[in-house]
Every structure is written in structure tokens, then in C-alpha cells.
Amino acid sequence: ALTELDPSNYAVPTIAPIRTAGHLDPVFCIHPLVGLVDCYAELAAHVDDARPIYGVQVPTSGELAESLVALASHYADDIVRIQTDGAVHLLGTSFGGVLAHAIAVELQSRGVTVGALTLLDSDPVRSSADSADLLGSMGDEIDRSHAEELLAVASHNDELAQRHLPGIYFGDILAVSSMGTDSGSAWHPFVCGTIAKYLVPDATSFDVVGPLVDSYLS
């Protein structure tokens, strides 16, 4: 695990600092199904050095939310404790994108300004994942000794996503899809604004997507 992403390094357990320095409004990267944010560590190399980057991860308490909306509300609480003034930028991959959209809707309902909302390989209407898919989604950087615990988190989050009907986000979004998919189009019913859609070889590779994200944040 990356020490930078150790939750004990920060006062809010769900917020993992990836880069804290900088004067620009920060971007909060929302965890995928497994609940960890190590997958976002490489983003920093592609985003303006003046922009702080935080990961939003599953709390270590093991407490499980009853709905994706409830989870989004909890994370919104934590985000505004960090970003007390200015805009909040949100980014999420796959399930993390669905959750980022829900957090954006929640923040807007509180009168908080949401800046850029970036969704990577994220489909609001997704089919249920089986155990093999969930294990595969963990990535090579995950500590496999905790596979059972991570699988339980992923399975619960997958269940939340199946029961979730997204709200309406008022603003523009960036939707990046991998070749062979078009997840961006599926967001039209849930976005009152422009959807900038891009198709790339791999929407989870920040070597590919990083410059797009940085341009959209600017």
C-alpha cells in the first residue's frame, strides 16, 4: 500500500491525501467498488502541481451504508470539512463515477459549488458483477491477504449501485469511455448540461486520460 494514501495520515478517516499542496480548488477522487483509492495515485503526475488531490475511500470502521444516496451524503459531509470554500471537483472510475455523480447532486442540494465532474468508464445503468468480476476489479496493487474483506466491501457497493436511481446533476460533465463502450451516452437522463464524451483505448489509464482530466479541471 502507498503510505501517502494511509488514512491515519489525515484527520478525516475517509479522506486520503494524495497531494495536499496547492492553491487551486482540489479534486476529490471517489473510490471504485473495492473502496480503496490507490488507483488514483498516478493522477498527480498529470494534474497541475497547484491543485490538491484527495482520495475518498471506505471508512475503516466497517460501517456499511444503507443506500448509495446515504453513502454520498456521508462523503459530502467529509468533503466540505476539507473544502470549506470555493468549488469542489469530483472524479470517479466505474462505480466511483456513479458515486461521484451522487455526491455532486448532494453537494448541489446544499448550495455547494461543484466544478468539474469527471466520470471514467462509469455507467449509471450497470449489470450486477459476479465474484470473479469483483476480484478482477481489485487490480494488481491490492493486498490479496485482505481479499475476503475487500470482496465483501465490493459486493455491498455493487448491491447499492443496483438499487440506485441517479438524481439530476445541474452542470457539465466529462465522460471518458474505453473502446467498445459508450458509457457517456447513458448519463444524458441524469445530467442537465453538456456531456463532453471521449473514447480512448483505456479510460482507467491516467497516462491516457490524465491530460484530458487536467484540461477539464483548468
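The values are calculated or read from the model by the stated rules, or taken from the named source; none is laboratory data. Computed from a predicted model, the values in this text were never measured in an experiment. Reconstructed Cβ throughout: ideal geometry from the backbone, glycine too, with neighbour counts over all protein chains shown. In case anyone asks, the SASA skips ligands and DNA or RNA and just uses the protein heavy atoms, side chains included. Shrake-Rupley method; radii C 1.70, N 1.55, O 1.52, S 1.80 Å.
Looking across region 53-80, the residues that are open to solvent by 30 Å² or more (accessible area, probe 1.4 Å) and part of a loop (DSSP other than H, G, I, E, B) come down to VAL58, THR60, SER61, GLY62, GLU63, LEU64, GLU66, SER67.
When THR14, THR3 are screened for being of a type outside the set (A, V, I, L, M), at pLDDT below 95 and open to solvent by 60 Å² or more (accessible area, probe 1.4 Å), only THR3 passes. Selection over region 181-203 of residues that are surrounded by 15 or more Cβ atoms within 10 Å (Cβ to Cβ) and in contact with a Lys or Arg (Cβ under 8 Å, 6 or more places away or on another chain) gives a count of 1. Considering only residues in region 146-180 that are charged (D, E, K, R) and in contact with a Gly (Cβ under 9 Å, 6 or more places away or on another chain), the one that is most open to solvent (accessible area, probe 1.4 Å) turns out to be GLU149.
Of all residue pairs spaced 6 or more apart or on separate chains, none has beta-carbon atoms under 7 Å together with a first member in region 64-92 that is without any contact (Cβ under 8 Å) to a residue 12 or more places away in the chain and a second member that is in a strand (DSSP E or B) and open to solvent by 50 Å² or more (accessible area, probe 1.4 Å). With respect to the conditions (1) in a loop (DSSP other than H, G, I, E, B); (2) modelled with pLDDT of 95 or more; (3) crowded, with 21+ Cβ neighbours inside 10 Å; (4) hydrophobic (A, V, I, L, M, F, W, C), ALA50 lacks only one, and its number is (3).
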